Amino acid sequence: MTTTLSRLLVLLTALGAVLVAATGPAHAHASLTGSSPADGEVVATSPERVELTFSERVSLTGDQALRVLDPAGERVDTGEITDLSADGVVRHGVALADGLADGTYTVAWQAISADSHPIAGAFTFSIGAPSETSVRLPAQGPGGSTAGTLYDLARFPAYAGFLLLTGGAAFLLVCRPGPAARPVVQRLMLAGWTTATAATLALLLLRGPYTGTGLRDVVDTKTGTALLCRLLLLGAAALWVAALTADRARGRRARAALAGTGVLLAPATAATWALAEHASTGPWSWLAVPADLVHLLAAGAWLGGLAALLALLYRSPVPVPRAAVRRFSRLAFWSVVALAATGLFQAWRQVGGWDPLLSTRYGQLLVVKTALVALLVGTAWISRRWTARLADPPAGPAPDAPDAPDPQDAPDGPHTPPPAPAPDGPDDPARRAQLARQRAAVQRTRRRRDRDRDTGRAGLRRSVLAEAAIAAAVLAVTTALTGSTPARTEAAADAGTSATAPQPLSLQLPYDTGGPYGRGTALIDITPGVTGENVLHLRLEDPEGLPNGAEEVRIALTLPAEDLGPLRYEPAHVDVGHWVADDLRLPRPGDWELSLTLRTSEIDQTTETTTLTVG
């Protein structure tokens, strides 16, 4: 059974890692909301610097954080990034070299969002007039590479190890299962500490490739500092666990002193998550950080304590005392209350409404987590019922006390083998060791049979095992949640994008060339209707609304305010009454004058003019 349990726990852990990987790379919290020069803009003279505006606080570190490349791919920025944020607007800029030549320049940037996720992007602007450019940026930014996938996977065992470590310690200190249970829980805590330490070290080493920066730059960020502090705190936790499981820690004063130290050490370790992830950003962050601390510690007491109870039910040399199980039941109850209260607060803070709950990835994951937690609470209720039916185990010899072998307890039933002759007499050491192993095997068989005979404990083992399986899935979904953009932020970004999304320019221009079939209406659509590249569709309709023809169509665009133009185009005829110009460029925002020249015969021609506003 022990081997089967170990394999099952390994399988659950692997399943959790697969669930984390299946959710995809982490999504960023902040986003680029504007730039100067703007994307696709054509400026008359070389700007002094390039400025980027973000929706939230970001960190730009390393020589690749903000680059400006000329058409040949050479850097033309000074490399000195300046924080220009003011009045709640997050803005960063980099100075440019003097006297840049005309042509198209590429701005490539990458930053770290305040909730630790990397973001990146690129855009172009032109000086004087657009030109060809040889710059080819990678299609995949930071966070979407193999390093990003490994980083996301490593976050799962980091959480799991912390839960096992804190939950095992809480179980020993609060539930007091007895000296016989100490080695089992000690091994669980050691596994949790090893897992958390190895995962944290992996996160620190993967952070550089994940964010596209060097290790030195990682250490200077908030997340890098949090990971280093976590490693130091885990080092202190190793000494604390050794003292907790030592013989001298069995006294009341020693336990009280260790409990006090743990009350300081566990929240400090949990703070390395709370201060570096979603709780540290967004509204009400001053309350969200302590709420996240309580949430993590309550999860450790419940789920980590659940793992300790499961290990004891399957591996303890003696049955777990009824009092210890009932103490854990009360601890789990209050942990669930704390989890529910802090979870509802965080859900309200990060979701903010029903629509984001169902329409965003974060909200959908939260719905899945809520369903799993409800299932977990239901299974825990079944465990509480089994706990109420527990009886104290009968008094008997200590597990290590010498006991004569009982033929009825032999693994193969009542059977008395013939005595084996001692090769070197009755005091032979090999013979004594063989007899000791036989007695130990008989005792183990007897304890296992007595344990399996107890229906209450057998039912509790099954229900706790089911709880552990569901808890692994809850932890996987939680890890995916911490790597997703909060629903409130995603919904606000979508709303802002919809509100500011460029709308195609649509114009209706009556015309009359003076000849037969020369009257009608010109329907002009310019998409997307912003500075830069556009596509113009021209449709001619006669007074009856039917497609009308023309022998020649010309278009000219002029920006009088800046004495720019005319920019002349001859749309291609694609269908009856339909012309397209797919190379229309509007280099500057402003009020443009559009002149449409139509010729319907050798002598019948007209030019109509209208104004269109480009934002």
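The values are calculated or read from the model by the stated rules, or taken from the named source; none is laboratory data. Source: prediction; values computed, not measured. We place every Cβ from the backbone using ideal geometry, glycine too, and count neighbours over all the protein chains shown. Quick note on the areas: whole protein, heavy atoms, side chains included, nothing else; ligands and nucleic acids left out. Shrake-Rupley method; radii C 1.70, N 1.55, O 1.52, S 1.80 Å.
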(request) State which residue is modelled with the lowest pLDDT when the search covers only the stretch 472-509 and only residues that are assigned to a loop (DSSP other than H, G, I, E, B) and farther than 30 Å from P157 by Cα. (result) A501
(request) Output the residues belonging to the stretch 322-334 that are over 13 Å from F171 (Cα atoms) and in contact with a Leu (Cβ under 9 Å, 6 or more places away or on another chain). (result) R322
(message) If I ask for residues that are open to solvent by less than 10 Å² (accessible area, probe 1.4 Å) and assigned to a strand (DSSP E or B), which ones from the stretch 108-117 would you list?
(response) A108, A111, S113
(request) Could you tell me whether any residue of the stretch 351-360 is open to solvent by less than 30 Å² (accessible area, probe 1.4 Å), modelled with pLDDT of 85 or more and hydrophobic (A, V, I, L, M, F, W, C)? (result) no
(request) Looking for whichever is within 30 Å of G577 (Cβ to Cβ), at pLDDT 75 or above and open to solvent by less than 20 Å² (accessible area, probe 1.4 Å) here; the options are G520, G514, G459. Which one fits? (result) G520
(request) Filter the stretch 213-232 down to the residues that are crowded, with 20+ Cβ neighbours inside 10 Å and touching a helix residue (DSSP H, G or I) at 6+ places or on another chain (Cβ under 6 Å), then identify the one that is farthest from L264 (Cα to Cα). (result) V218
(message) Given the criteria in contact (Cβ under 8 Å) with a residue 12 or more places away in the chain and over 22 Å from P118 (Cβ atoms), does A276 qualify?
(response) no
(message) Taking the conditions exactly as written (modelled with pLDDT under 90, open to solvent by less than 50 Å² (accessible area, probe 1.4 Å) and under 30 Å from L227 (Cβ atoms)), does A122 satisfy them or not?
(response) no
(request) Please give the number of the condition L9 fails out of (1) modelled with pLDDT of 50 or more; (2) within 30 Å of A311 (Cα to Cα). (result) (1)
(request) Only one of these is at pLDDT 85 or above and either outside any helix (DSSP H, G or I) or of a type in the set (S, T, Y) (or both): T370, T387. Name it. (result) T370
(request) Find the residue count for the stretch 352-371, including only residues that are over 15 Å from V474 (Cβ atoms) and either touching an Asp or Glu at 6+ places or on another chain (Cβ under 6 Å) or in contact (Cβ under 8 Å) with a residue 12 or more places away in the chain (or both). (result) 10
(message) Is it the case, given these coordinates, that R182 is buried (at least 16 other Cβ atoms within 10 Å of the Cβ), closer than 27 Å to A323 by Cα and charged (D, E, K, R)?
(response) yes
(message) On the basis of being within 22 Å of A114 (Cβ to Cβ), within 23 Å of the chain's Cα centre (by Cα), open to solvent by less than 20 Å² (accessible area, probe 1.4 Å) and touching a residue at least 12 places away in the same chain (Cβ under 8 Å), does A298 make the cut?
(response) no
(request) Output the number of residues of the stretch 266-293 satisfying the condition of being open to solvent by less than 30 Å² (accessible area, probe 1.4 Å) and not hydroxyl-bearing (S, T, Y). (result) 11
(message) Here is a check on your reading of the model: is V20 open to solvent by 40 Å² or more (accessible area, probe 1.4 Å), closer than 30 Å to L153 by Cα and either modelled with pLDDT under 75 or of a type in the set (V, I, T) (or both)?
(response) no
(request) Would you mind telling me which numbered condition in (1) surrounded by fewer than 22 Cβ atoms within 10 Å (Cβ to Cβ); (2) within 19 Å of the chain's Cα centre (by Cα); (3) over 30 Å from L231 (Cα atoms) G363 fails? (result) (1)
(request) Kindly list, by first and then second residue, each pair from a residue in the stretch 252-267 that is within 12 Å of L297 (Cβ to Cβ) to a residue that is open to solvent by less than 70 Å² (accessible area, probe 1.4 Å) and at pLDDT below 85, limited to pairs with Cβ atoms under 8 Å and residues at least 6 apart or on different chains. (result) G262/L244
(message) The conditions are (1) touching a His at 6+ places or on another chain (Cβ under 7 Å); (2) open to solvent by less than 60 Å² (accessible area, probe 1.4 Å), and T531 fails exactly one of them. Which is it?
(response) (1)
(message) Just the residues that are over 19 Å from the mean Cα position of the chain (by Cα) and crowded, with 17+ Cβ neighbours inside 10 Å, please, taken from the stretch 186-212.
(response) Q186, L188, M189, L190, A191, G192, W193, T195, T197
(request) Give the residues of the stretch 125-146 that are more than 23 Å from T479 (Cβ to Cβ) and at pLDDT below 80, sorted by residue number. (result) A129, R136, L137, P138, A139
(message) I'm trying to understand the selection: among the residues of the stretch 305-327, which are of a type in the set (S, T, Y) and outside any loop (DSSP other than H, G, I, E, B)?
(response) Y314
(request) Determine the pairs where a residue that is open to solvent by less than 40 Å² (accessible area, probe 1.4 Å), located within the stretch 433-444, has a partner that is at pLDDT below 75 with Cβ atoms under 6 Å apart, the partner being 6 or more residues away or on another chain. (result) V442/P405; V442/D409
(request) Run V464 past the list (1) closer than 19 Å to L358 by Cα; (2) β-branched (V, I, T); (3) at pLDDT 80 or above; (4) open to solvent by less than 20 Å² (accessible area, probe 1.4 Å) and report the number of the one that doesn't hold. (result) (1)
(request) Please give the number of the condition A561 fails out of (1) open to solvent by 50 Å² or more (accessible area, probe 1.4 Å); (2) under 26 Å from E41 (Cα atoms); (3) touching a Phe, Trp or Tyr at 6+ places or on another chain (Cβ under 8 Å). (result) (3)
(request) Would you confirm whether any residue within the stretch 604-614 is assigned to a strand (DSSP E or B), among the hydrophobic types (A, V, I, L, M, F, W, C) and open to solvent by 80 Å² or more (accessible area, probe 1.4 Å)? (result) no
(message) If I filter the stretch 585-601 down to residues being of a type in the set (D, E, K, R) and at pLDDT below 85, which single residue comes out as nearest to G549 (Cα to Cα)?
(response) R585
